[in-house]
Amino acid sequence: MRLATALLACTLAAPAVAQNLTIGMQTEPGTMDPQFNLLGSNTSALRNIYDTLLSRDPSLQVRPSLAESFRAVDETTWEFKLRPGVRFHDGSPLTAEDVRFTIARIPNVQGNPNSYVTYIQGIREVQVVDPLTVRFLTDGPVPLLPTNISNVFIISAAHGLRPTSEFNTGQAAIGTGPYRYSSWQPGQPLVLERNAEYFAGAAHWQRVTFRPLTNDAARVGSLLAGDVDFINGVPLQDVARLERPASRTRVFGGPSAYVYMLFPEVGKDPLPGVRDTQGNPLPRNPWMDPRVREAVSLAINREAIVERLMEGRASVANQAVPAGFFGHSTRIPPARFDAERARVLLREAGYPNGFQTNLACPNDRFVNDSKICEAAAQQLQRVGIRVDLSAQPRATFFPQRARREWPMHAAGWGSLTGESSYFLTSQVHTPNRDLGLGAINYSGVSSPAIDALIQRGRRILDDGERRRVLEEAMEQTMAQNLIIPILTFEAVWAGRADRVRFTPRADEETLAIEILPATP
């Protein structure tokens, strides 16, 4: 009798276990506030809880979400029709007033190191036409408004006045997404419960646990041991092992939107953190000399980094957006490695013996990110630029980057809109709070000529003309080596072959609703 009871209990428990999904994550979110600190690790987690008016498929193509349709009423007015019947996790209906409130809150989030304001540039007013119709009035043509709005999470006006701290405890983390917040603390798993009333249909998994496993070996080991069902950020040296049938795992890889780059600080003179060969502060900022920036680019052996360090699962980058993205210019020449020419340029610039510089980068954001940074530092040292490298946890790195504390930093950047204006408007344009431009320009780039191209490009409705202007802006940025690309990542995930299947996303987000059972 007891045996029969035990067997019955196991049988009843099996479906519940089968509907739980555990994901091992390379990085963890730092907030549950969907308007605080624009970072890929945050948006990836938050997109499981919150929705946007328009969403993006794995190839970054825009598709309907909370808005079932949209149209340009005229050159300065966009109208969105909300999907009827959508409810927040607390049961309240989604209305146009929630959209209006969401946009109004973004520039007012306190202490925000990376603001979402870059996505609402050009919006001067949000009009509530009726409960299911909202209009965005812009200060001129904004052709990318639908694309930009796909990155703005809609929050409830009833809860959105609460501070970020109450989002982090879950009190205000009320979205419309496929999963509801259950629990989270920094350093602990993010646990989500299925939203049975989700407008697009209930997700397969009843409970999803995002477990932070920042150590590469621990993450892979957990997958092989069956402690987790799925992992992101697969270490490249483990890909071949995970692809073997005996491992009972599957690898899912595809092109990424993220480019790893060097950012020399070109806006401060003199510049703390750069020194002569004797360790004395330099009287002038060396990065302000275009010959020095060109020397840095020529000193980097990108092909060696891609082939040896990344094991071929990346590609050499000559600009800040991957090939195929809108605004990627085929006229930009391939990146060159020429250490001797780099030394000549340094001599011509007045640094025959080189100089010293600090360089900072994160060590837990991308696959091999600190190793890429170390390789670049070693290559710079070979031409005479001696590097004092600081590879830091992202929780330390990103706030310091926002304060522009270093003479040069390295980081990855993903043009998650699928085109170059996102990069240009946020990282290249001179910071201008009134225009919402240069919001993430943390290296002091400021060129009136490039600014003019960026401002023109974001207003042109004709795609062909806009593409030409954006390509020119990218060409000028790269020709001056104001920002120095190294490589474009490939995104790699892995999962238990008997449990899951997955379509890789170019934005590298890990969305539980897109992790499907191995057998339909």
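The values are calculated or read from the model by the stated rules, or taken from the named source; none is laboratory data. Quick caveat, the model's predicted, so the values are computed rather than measured. Neighbour counts are summed over all protein chains in view; Cβ atoms, including those assigned to glycine, are modelled from backbone coordinates with ideal geometry. Note: accessible area is taken over every heavy atom of the protein model, side chains too, but ligands, DNA and RNA are not part of it. Shrake-Rupley method; radii C 1.70, N 1.55, O 1.52, S 1.80 Å.
Residue check: is R341 over 30 Å from L60 (Cα atoms), surrounded by fewer than 20 Cβ atoms within 10 Å (Cβ to Cβ) and among the charged types (D, E, K, R)? Considered against the rule, which asks whether it is over 30 Å from L60 (Cα atoms), surrounded by fewer than 20 Cβ atoms within 10 Å (Cβ to Cβ) and among the charged types (D, E, K, R), R341 comes out as yes.
Applying the criterion of being outside any helix (DSSP H, G or I) and open to solvent by 50 Å² or more (accessible area, probe 1.4 Å) to the residues of the stretch 455-480, the residue that is modelled with the highest pLDDT is Q480. Candidates in the stretch 51-62 are the residues that are modelled with pLDDT under 95 and not hydrophobic (A, V, I, L, M, F, W, C); of these, the one that is surrounded by the most Cβ atoms within 10 Å (Cβ to Cβ) is R56. In the stretch 88-198, counting only strands (runs of 3 or more DSSP E) that sit wholly within it, the ones holding 2 or more residues that are aliphatic (A, V, I, L, M) and open to solvent by 30 Å² or more (accessible area, probe 1.4 Å) span 123-130.
Looking only at the stretch 37-50, count every residue that is at pLDDT below 95 and either among the β-branched types (V, I, T) or in a loop (DSSP other than H, G, I, E, B) (or both) and tell me the total. Within the stretch 37-50, residues that are at pLDDT below 95 and either among the β-branched types (V, I, T) or in a loop (DSSP other than H, G, I, E, B) (or both) number 3. Against the list (1) out of contact with any helix residue (DSSP H, G or I) (no Cβ under 7 Å at 6 or more places or on another chain); (2) farther than 27 Å from T503 by Cα; (3) hydrophobic (A, V, I, L, M, F, W, C), the condition V117 fails is (1).
Would you say Q379 is at pLDDT 95 or above, assigned to a helix (DSSP H, G or I) and open to solvent by less than 30 Å² (accessible area, probe 1.4 Å)?
Here the answer is yes, as Q379 does meet what is asked.
So how many residues does the stretch 205-223 have that are out of contact with any strand residue (DSSP E or B) (no Cβ under 6 Å at 6 or more places or on another chain), open to solvent by 40 Å² or more (accessible area, probe 1.4 Å) and either in contact (Cβ under 8 Å) with a residue 40 or more places away in the chain or in a helix (DSSP H, G or I) (or both)? Steps first, please.
Let us first name the residues in the stretch 205-223 that are out of contact with any strand residue (DSSP E or B) (no Cβ under 6 Å at 6 or more places or on another chain), namely 214-218, 220-221.
Next cut, open to solvent by 40 Å² or more (accessible area, probe 1.4 Å) only: 214-218.
Cutting the leftovers down to either in contact (Cβ under 8 Å) with a residue 40 or more places away in the chain or in a helix (DSSP H, G or I) (or both) gives us 214, 216-218.
Final tally of qualifying residues: 4.
Of all residues in the stretch 66-83, those that are open to solvent by 60 Å² or more (accessible area, probe 1.4 Å) have Cβ atoms under 7 Å from Cβ atoms of residues that are assigned to a strand (DSSP E or B) and among the hydroxyl-bearing types (S, T, Y), 6 or more apart or on another chain, in K81/S69; K81/T133. Residues that are open to solvent by 20 Å² or more (accessible area, probe 1.4 Å) and either modelled with pLDDT of 90 or more or hydroxyl-bearing (S, T, Y) (or both) within the stretch 6-24 comprise T11, Q19, N20, T22, listed in sequence order. Among the residues making up the stretch 276-322, a single one is open to solvent by 40 Å² or more (accessible area, probe 1.4 Å), within 13 Å of I483 (Cα to Cα) and charged (D, E, K, R): E294.
Identify all residues within the stretch 403-454 that are closer than 30 Å to F355 by Cβ, of a type outside the set (D, E), out of contact with any helix residue (DSSP H, G or I) (no Cβ under 6 Å at 6 or more places or on another chain) and open to solvent by 30 Å² or more (accessible area, probe 1.4 Å); write none if there are none. Of everything in the stretch 403-454, those that are closer than 30 Å to F355 by Cβ, of a type outside the set (D, E), out of contact with any helix residue (DSSP H, G or I) (no Cβ under 6 Å at 6 or more places or on another chain) and open to solvent by 30 Å² or more (accessible area, probe 1.4 Å) turn out to be R403, R404, W406, P431, S446, P448, A449.
Quickly run through the stretch 278-296 and pick out the residues that are farther than 15 Å from R386 by Cα, out of contact with any Leu (no Cβ under 6 Å at 6 or more places or on another chain) and in a helix (DSSP H, G or I). M288, P290, listed by residue number. Under the condition of being on the phi > 0 side of the Ramachandran plot and at pLDDT below 95, the residues counted in the stretch 382-418 number 1.
Residue pairs whose Cβ atoms lie under 8 Å apart, separated by 6 or more positions or on different chains, with the first residue in the stretch 228-246 and open to solvent by 60 Å² or more (accessible area, probe 1.4 Å) and the second part of a helix (DSSP H, G or I) and not hydrophobic (A, V, I, L, M, F, W, C), are R241/S247.
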